[in-house]
Amino acid sequence: MWHLNISNLMNLNIILQSFIVLLVPILLMKGFGRINAWVHSFPAKRKKQSSITNTSSNVASSELTGQYVADMALIRAAIGKNADVKSREFMIQGFHYQAAVIYVEGLTDLKQLHMNILNPLMMEGVKQEEKERFLHSGHSLKVYLEEYLLLTTELLESRLIDELTENILVGHTALIVDGVKGAFLVQAPSGVSRTVEEPLSEALLRGPRIGFTEKLSENMGLLRIQGKNNSLFFSGHEIGERTKKKMVIAYMQDIVDPMLVTEVERRISRIHIDDVLESGYIEQLIEDDWMSPFQQVQNTERPDRVMSALLEGRVAILLEGTPFALILPVTFSMLLQSPEDYYERWIGGSSIRLLRFGAALLALLAPALYISFISFHPGLIPTKLALSIIKTRQGVPFPSIIEALIMEVALEILREAGIRLPKPIGPAMGIVGGLIIGDAAVRAGIVSPFLVIIVAVTAISSFTIPMYSAGITLRFLRFLAMISAALFGLYGVIMFFLLLCSHLVRLKSFGVPYATPLIPYKLSDWKDFFVRAPLQLMKQRPTIFKNKDKDRA
């Protein structure tokens, strides 16, 4: 009877553990859903307040009067004592009108300013016969400047002081002329830019050696030179409340689903933030579920990856000041794919992709499985291997979860230090530091040699993931899997994996199920899932994107 009661208590304990494992995630999901809905209720109110602020600002803004002295005083008062803002006053040759150019040093090409603006106005001027013909024609000085003297491809006008100073401070050159109500805005950009280089975060053995830069116009040009395509369209936008930045949405007009473009523009219009320093801000503000550990927007430095995504019917976002473009929507399988899978023959590309999926699984579950087998289920280990592990663990003072956490945390610290250190010593620091710490920990009896092997295999497997952001997610989830294994053993690992799968099934990226083509089941899209089918068989675009043109040319 005593053994029966003990058995009943053990069964009751297992039932209680199961109930806790199932109930806690459900409560957490419901709580996260309410928080998510509460956070997303704010943009409309903020947008309304922002529109009221902008309206009052426009009403209070002063206008240029056409009187040179008064206009220059207004501009100087609006700009303030900015040391990098320079001005040059002069007389227009032939008409003897007083004028001035205002520009920001470092953002303006002084050679272009001299050749295209100052030289025509001050040196070449107007011939006498042209002046008489102009005076008798009835045209204004403003028209003559626009059509004859200002040698520039882009010429804008502004009458509001706030708008004028804003454009000056972002790199435009302003031309103020006595008698002309308003100011000319001329582009003579200099700006700091770097040459096109190979992407550091997505290195390939075979493929293009070019990556995006921080200049938006160059990035759009890199997409244009991928090939002649009349369907490639860039929709221009400005983002940021205090600091305006240019941004474009790129897509193929005759391929993409118009509803997808509309949804992207709607979410971007709801962004109200002082400044967007990097495309990561946009990524976090437009994703479906900000509580999910998985990224729902893909980032890349490679123009070829962006063009491939556009041809599949996806949308890209490019932002001024960053080399990272955003691609959406995205599924989990896309994060484990590399452009090199398509540049190699299908057999080699498929083999490497399968290896990558297996490595991702090892990077997620290897330490958790070690903890569960050692602490809860040693009987599942083969006898000879179990004896070898027991022998190596003699003298280790910590349980398996503690020694695993020690090694994993040390590995993450070394990995982060290797990234932040200067390039010449960063990789060497990571390798040498790992070897020294691992060997010292084994000699000191803190960890077992078998665990060092598990941690090393886990680290190497995580490096096979092409997307750095996806690797961060698996590294974070690895610790949750280890805690589940320490609490409930192999049963906890299985429940953690099932919970993770259920979250992936529920997650969406711009209306596209994150687990597709696995769930919902899309047989036609399996040609580019675990394996990459021969190009001769990939005649259709992914059906999950609801493209207007479903067939590849």
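Every read-out reported here was derived from the displayed coordinates using simple, explicitly stated rules and does not represent laboratory data. Here the structure is a predicted model, which means the values were calculated and not measured. Here the Cβ is made from the backbone with ideal geometry for all residues, glycine too, and neighbour counts use every protein chain on show.
In table form, for the structure just shown:
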| read-out | value |
| --- | --- |
| Packing rank of 312-325, 450-463, 252-265, where each peptide gets the mean count of other beta carbons within 10 Å, highest leading | 312-325, 450-463, 252-265 |
| Listed residue pairs exceeding 32 Å between alpha carbons, taken from LYS142/LYS246; LYS244/LYS539; LYS215/LYS527 | LYS244/LYS539; LYS215/LYS527 |
| Ordering of 197-206, 402-411, 295-304 by packing [mean C-beta count within 10 Å, highest first] | 295-304, 402-411, 197-206 |
